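Everything on this sheet refers to the single structure shown next.
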Amino acid sequence: MRIAVIDLGTNTFNLLVADISGKEFCVLHTSKIGVSLGKNGIVNNQISKSAIQRALAAIKHFSEIWEELSVDEVVAIGTSAIRDAENKNLFIQVLKNNFNLSIEIVSGLEEAQLIYDGISLSVPFQQPSLIMDIGGGSTEFIHVAPNLDLQKTSENIGLLRIVESLELNDPLTSDNQNSIVSWLNINSQQLHHFPYSHTLIGAAGSFETFYEMLHKQHFPVEKSHATISRNSIDQLLNLLITSNLEERDSNKYIHPIRKQMIPVAAVKVKWIVEKFDIQEIIVSTYSLKEGVLKRYL
C-alpha cells in the first residue's frame with residue numbers, strides 16, 4: 001500500500017510518501033514547503049486569505065508528486081493553526097473543493113501521541129527522556145521513562161505565537177531573551193509538572209538544523225537519529241541567539257524557512273535544557289508523519 005502523509009503545520013507543510021508492507025515501510029519521497037499558514041492570524045485565531053492562497057499553492061505542488069507516484073491513500077493532518085482557527089471550516093472546504101482532500105484535525109494531545117509514535121520507530125528510550133516538537137503554533141512534550149506511563153502535553157508556545165506576541169529585535173537583546181523565557185513559563189503550565197529528564201529528543205525541524213550546523217553537512221539520509229552532546233548544543237544555541245539575520249542568511253545549513261525564527265527556537269531549547277538539566281540531545285528525523293504511518297503497520 002502506498003501512503004502520502006501531509007503534515008499541515010503552522011509554519012511548514014511536510015509531505016511524506018511511503019510504501020507499507022507488513023510491519024515495515026519504505027520512504028519514497030519527503031519534501032517541505034514554507035507556507036506560514038499562521039502568519040498575521042495565529043494570535044487572533046484566524047487563517048488569513050493570503051495564507052489560504054499559499055496553502056493552495058503548496059498542496060497543488062504536493063498533489064502533482066503524489067499523483068506521479070500513484071499513491072493509494074492521502075492522509076492530511078491539521079495541527080495548531082488549523083485547530084484553533086475560527087474560520088477553519090472555510091479552509092477545510094477550500095481544500096476539499098480544490099483537491100478533494102479531507103483534513104483530519106487532531107487535538108494537541110493527539111498530536112503529541114502521533115509524534116511519540118513516530119519517534120518510537122527510530123529512537124531507543126534508554127534514559128528518562130523528554131521529547132520536544134517545536135511547531136509554529138504549539139510545542140508538544142512527551143516524557144518517556146521505563147515502567148512509567150507517557151506524560152504528554154501540548155502547549156500553545158509555538159515560534160510564530162512568540163514572534164507575533166512579543167516585540168523582538170534582531171539580534172535578540174538580553175531583555176528580549178528574558179521576555180521570551182518569561183512568556184514561555186507563563187504559557188506552559190502543564191510542563192512545570194514534568195519530571196527530570198536525562199535526554200532531550202528533538203523531533204526533526206529546528207533540531208535537524210542544529211545537527212547540520214554543528215557537523216557542517218546535511219543530515220545523513222541513512223540515519224533516523226543522531227546524538228549531540230550538552231556542551232556542543234550549549235555553544236551552538238548561544239551562537240544562534242546572538243546572531244543577526246545577515247549572518248544566518250549566509251549560513252547554508254540553516255533552511256530558508258528557519259532563518260527568521262531560529263534564534264527564538266534556540267532560546268526555547270536553551271530554556272528546556274536548563275529547566276530539566278538535560279545531559280544529551282538526540283535528534284530524530286521522525287515525527288508526526290511517521291506516527292501516522294505507524295497506524296498502518
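Key figures
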{"read-out": "Lone qualifier among Ala145, Ala112, Ala76 - being farther than 18 Å from Ile272 by Cβ, of a type in the set (A, V, I, L, M) and open to solvent by less than 50 Å² (accessible area, probe 1.4 Å)", "value": "Ala76"}
{"read-out": "The stretch 158-186 - residue that is open to solvent by 50 Å² or more (accessible area, probe 1.4 Å) and of a type in the set (A, V, I, L, M) and, of those, nearest to Phe276 (Cα to Cα)", "value": "Ile186"}
{"read-out": "Listing of helices (runs of 4 or more DSSP H) fully contained in the stretch 219-297 that carry 3 or more residues being more than 30 Å from Ala4 (Cβ to Cβ) and either open to solvent by 10 Å² or more (accessible area, probe 1.4 Å) or in contact (Cβ under 8 Å) with a residue 40 or more places away in the chain (or both)", "value": "230-241, 245-249, 262-275"}
{"read-out": "Sole residue being buried (at least 18 other Cβ atoms within 10 Å of the Cβ) and either more than 18 Å from the chain's Cα centre (by Cα) or not aliphatic (A, V, I, L, M) (or both), chosen from Val5, Val35, Val71, Val43", "value": "Val71"}
{"read-out": "Yes/no for Leu150 being surrounded by 20 or more Cβ atoms within 10 Å (Cβ to Cβ) and either modelled with pLDDT of 95 or more or more than 23 Å from Arg83 (Cβ to Cβ) (or both)", "value": "no"}
{"read-out": "In the stretch 133-142, the residues that are among the acidic types (Asp, Glu) and open to solvent by 10 Å² or more (accessible area, probe 1.4 Å)", "value": "Asp133"}
{"read-out": "Members of the stretch 8-32 found to be touching a residue at least 40 places away in the same chain (Cβ under 8 Å), more than 18 Å from Trp66 (Cβ to Cβ) and surrounded by fewer than 23 Cβ atoms within 10 Å (Cβ to Cβ), listed by number", "value": "Gly22, Lys23, Glu24"}
{"read-out": "Residues within the stretch 87-102 that are surrounded by fewer than 18 Cβ atoms within 10 Å (Cβ to Cβ) and either under 21 Å from Asn156 (Cβ atoms) or modelled with pLDDT under 95 (or both), tallied", "value": "2"}
{"read-out": "Meets criteria (outside any helix (DSSP H, G or I) and modelled with pLDDT under 95) for Phe125", "value": "yes"}
{"read-out": "Count of residues meeting criterion [of a type in the set (Ser, Thr, Tyr) and not in a loop (DSSP other than H, G, I, E, B)] in the stretch 164-192", "value": "4"}
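The values are calculated or read from the model by the stated rules, or taken from the named source; none is laboratory data. Note that the structure is predicted; figures quoted are calculated from it, not measured. Counting neighbours? That spans all protein chains shown, and the Cβs are built from the backbone with ideal geometry, glycine included. Surface areas here come from the heavy atoms of the whole protein model, side chains and all, with no ligands, DNA or RNA. Shrake-Rupley method; radii C 1.70, N 1.55, O 1.52, S 1.80 Å.
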